[in-house]
Structures are given as C-alpha cells and as structure tokens.
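Asks: After the structure tokens below, expect a handful of questions from me.
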C-alpha cells in the first residue's frame, strides 16, 4: 500500500491553489480593460434591477461626470454603495461613459422617471469609450434585457 508523505500532500495543495487562482483570474472581469468595464457595468445594471424586484423599491443607476456611475434608491440624490465601491464606481484610466439615468420600478421594469409609471419607450444605449475604442450596452424596454 502506497501512502503520500506530508511534503507530497502540501505540494499537491499548492498546485491546486495555483490552478484555482489562474482559472478564477480568467473568469473575473478586468476593470482595467474596456470589455471588463462593460461586463462590470452589466453586472451593476442587473444588480439594480434585482434590488428593485427584491425590495419593491425604485433603484437605478446614473452616470457621473462621464467618469463613472452610481447606484441610487428612489432618486439619484439618495446614493447607495455598489459592491466594492465607496460611492461612485469610477472607470479606470482614460475611459469615459455616456450620460444616462436608468430607473427600475418594483417589478424590475426599466423606467424613465422616479415614479416608475413611465416605462422606457425605446432601447437605452450606454457607451463606454477609451480613446478610439468603444463598447455599447443596450438596455431594452419592458424586460430590461441587456444586450
């Protein structure tokens, strides 16, 4: 019968840890790249929509001075923290974001005002830009599907 020694077990655990770190780093969006920042914005939009449905309140996102955006409850004056931020999610480097305000009513439907009674009449397009490169995110009316 063959038994593993303690150094062999430790080596196996170290290798498993390194493989896990490499795999997770490839699965986690990189906020330094344009596509990574777009993926994070998509997650934050979904986060706001989920909050609206879960807590039956108006939640939304609004761009801030074209350098970032923030989450709010009811109105943009009532900011709340996005996960991993103090107040505003700031884009890195020279990235900019188009001006937008997006509300979600308590059913999670995208709206244009704080009452939640004016549904989004057409697709809302949000553009992230870094120099000449750009990435577009489209929030669709009715369901809030993000394209």
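Only the coordinates and a few stated rules stand behind these numbers; no lab work does. These numbers were taken from a predicted model, which means no experiment stands behind them. Heads up, the Cβs are rebuilt from the backbone with ideal geometry, glycines too, and the neighbour counts pull from every protein chain shown.
Asks: Using helices alone, I'd like the mean residue ellipticity at 222 nm for the chain: each DSSP H run of four-plus residues gives -39500 (n - 2.57), total over residue count, nearest 500. Write out the running numbers ahead of the final one.
Replies: Working: 2 runs with 44 residues, N = 147.
Per the formula, -10500 deg cm²/dmol.
Asks: Another question, then. In degrees, nearest 10, range 0 to 90: what is the angle between the Cα axis of helix 6-27 and the longest Cα principal axis of the chain?
Replies: 20 degrees
Asks: Expressed as an acute angle from 0 to 90° and rounded to the nearest 10, what is the orientation of the C-alpha long axis of helix 34-55 relative to the principal long axis of the chain?
Replies: For helix 34-55, the angle is close to 70 degrees.
Asks: Pick from 68, 116, 93: which residue has the top mean-square fluctuation in a GNM of the chain where Cα pairs under 10 Å get a spring?
Replies: Looking only at 68, 116, 93, the biggest GNM fluctuation is shown by 93.
Asks: Choose one answer from 125, 115, 20: the residue with the largest mean-square fluctuation in a GNM of the chain with alpha-carbon springs under 10 Å.
Replies: Its mean-square fluctuation being the largest, the pick is 20.
Asks: Based solely on C-alpha atoms, express the radius of gyration and the Dmax of the chain in angstrom.
Replies: Gyration radius and largest Cα-Cα distance of the chain: 20.1, 73 Å.
Asks: Expressed in nm to one decimal, what extension gain is obtained for the pair residue 8 and residue 132 from 0.36 nm per residue of sequence separation less their Cα-Cα distance?
Replies: Numbers: separation 124, 0.36 × 124 = 44.64 nm, distance 5.14 nm.
Between residue 8 and residue 132, full extension yields 39.5 nm more.
Asks: Taking other Cβ within 10 Å of each residue's Cβ, how do 139, 21 sort, fewest first?
Replies: Details: 139 22, 21 10.
Least crowded to most crowded, the residues run 21, 139.
Asks: Which one, 119, 83, 110, has the greatest fluctuation when you compute a Gaussian network model over the chain with C-alpha springs under 10 angstrom?
Replies: Result for the chain, Cα springs under 10 Å: 83 fluctuates most.
Asks: I've got another one for you. Taking only the alpha carbons of the range 71-147, what extent do you get along each of the three principal axes, in Å, biggest first?
Replies: In descending order, the Cα extents are 37, 28, 17 Å.
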